[in-house]
């Protein structure tokens, strides 16, 4: 439940941030009449993301066991790629996302022909990117979790993100986005590393990876995988009490360089530093 909540909270806040910037810019520039086009783009993007999720989830239920394991591995690896791209995109885009979105709105409304369609398309593409990332990650999560916890966590994350978006639009949000995205990005890197290890396990169960299958260590006597804490860590970071050498190597081969590159990436300067630099 916790992982879907955090992921959907972060993805939802990213989408709410984009929509909030666009909506606020339309309001302050006296173009609020175009808000229906913004809502149309949002609805289309959510519909596409939900349709992709449902279609893949339903299709996977019809697969035989080995194909099911292969499907889980592929979806997990796609989720890892999307989550990694999301983390590093936010590092880069956070410095200029507001100006870029405002420029995109101006460009979409600059032409006298098909202005509404251009604005719908701009918002649709921005929100659909977040939605499709969420769809693949949730699919990878739901394949590993049975019950109502994961869907409930995802729904709660979206609700909280929607509340943030409303507060942002009306000027009441005081969340430190730089710190929020930085710490959630670190968490997501660990989550993605767990997905990589889980994908290696699924590939073995599908009969496609039979190397490095010796047990690296056994801590089932200290922290069993089926204990409460073990279950939580398994859902968060892909914890396994008897991982194979291949799973441990895959985990570290992803985690170490990804975490290093993220921590070494330059962060956005604070407002005070920006003012000092301009003066």
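Every read-out reported here was derived from the displayed coordinates using simple, explicitly stated rules and does not represent laboratory data. Fair warning: this is a prediction, and the values are worked out from it, not measured in the lab. In this analysis, Cβ positions are derived from the backbone assuming ideal geometry, glycine residues included, and neighbour counts consider all displayed protein chains.
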Next item on the list: State the extension gain, in nm to one decimal, for the chain segment bounded by residue 159 and residue 32, taking 0.36 nm per residue of separation less the distance between their alpha-carbons.
Entry: 43.3 nm
Notebook entry, point to check: Which whole-number percentage describes the relative contact order of the range 2-268, with Cα contacts under 8 Å and a sequence gap of 6 or more?
Noted result: 32 percent
Checklist line | Unit Cα scatterers, Debye sum, the range 2-268: log10 I(q)/I(0) for q = 0.09, 0.13, 0.16 Å⁻¹ | finding: -0.47, -0.89, -1.23
Next item on the list: Give, in nm to one decimal, the length gained when the segment between residue 223 and residue 187 is fully stretched (0.36 nm per residue of separation minus the Cα-Cα distance).
Entry: 10.8 nm
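How long is the gain from residue 106 to residue 215 if the chain were fully straight, where each residue apart is worth 0.36 nm and the alpha carbon distance is subtracted?
33.4 nm
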Check: Kirkwood-based Rg over Rh for the range 220-260 (C-alpha set), two decimals?
Finding: 1.04
Next item on the list: Provide the FRET efficiency to the nearest 0.05 for the residue 85-residue 54 pair, computing r from the beta carbons and using R0 = 30 Å.
Entry: 0.80
Note to self: Strictly greater than 19 Å: what percent of every Cα pair in the range 54-110 meets that?
What the structure shows: 56 percent
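What shape does the range 1-73 have by the C-alpha gyration tensor, where a ≥ b ≥ c are the square roots of the eigenvalues, rounded means a/c under 1.5, and otherwise prolate means a/b greater than b/c and oblate the rest?
It is prolate, given that a/c is not under 1.5 and a/b is the larger ratio.
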